[in-house]
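The values are calculated or read from the model by the stated rules, or taken from the named source; none is laboratory data. All values reported here derive from a predicted model rather than from experimental measurement. All Cβ positions, glycine included, derive from the backbone under ideal geometry; neighbour counts span all protein chains shown.
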């Protein structure tokens, strides 16, 4: 399960994520769509530990993203696929 609770991320005065919440259960798929600048890529980068949120909690399969070391994050990322609009598959 992926659980995001109260996620906040800002870049200066630009508040991109303002208390974002989400639960995704095993076997479910997620498509993230929205206008440019709405926080889609920022949310996904926070989810896989490429970017740190200002506040909030992200748990993937019971593991807190903010407390994971690089090796643990690499293992986590090997089980997650995401495609950015530039067509680079990770």
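Things to note:
- Any strands (runs of 3 or more DSSP E) falling wholly within the chain and containing at least 1 residues that are surrounded by fewer than 11 Cβ atoms within 10 Å (Cβ to Cβ), modelled with pLDDT under 90 and touching a helix residue (DSSP H, G or I) at 6+ places or on another chain (Cβ under 6 Å): none
- Matching entry among 6, 56, 27 (being within 22 Å of residue 77 (Cβ to Cβ), touching a strand residue (DSSP E or B) at 6+ places or on another chain (Cβ under 7 Å) and without any contact (Cβ under 8 Å) to a residue 60 or more places away in the chain): 56
- Set 63, 14: member being closer than 19 Å to residue 79 by Cα and out of contact with any strand residue (DSSP E or B) (no Cβ under 9 Å at 6 or more places or on another chain): 63
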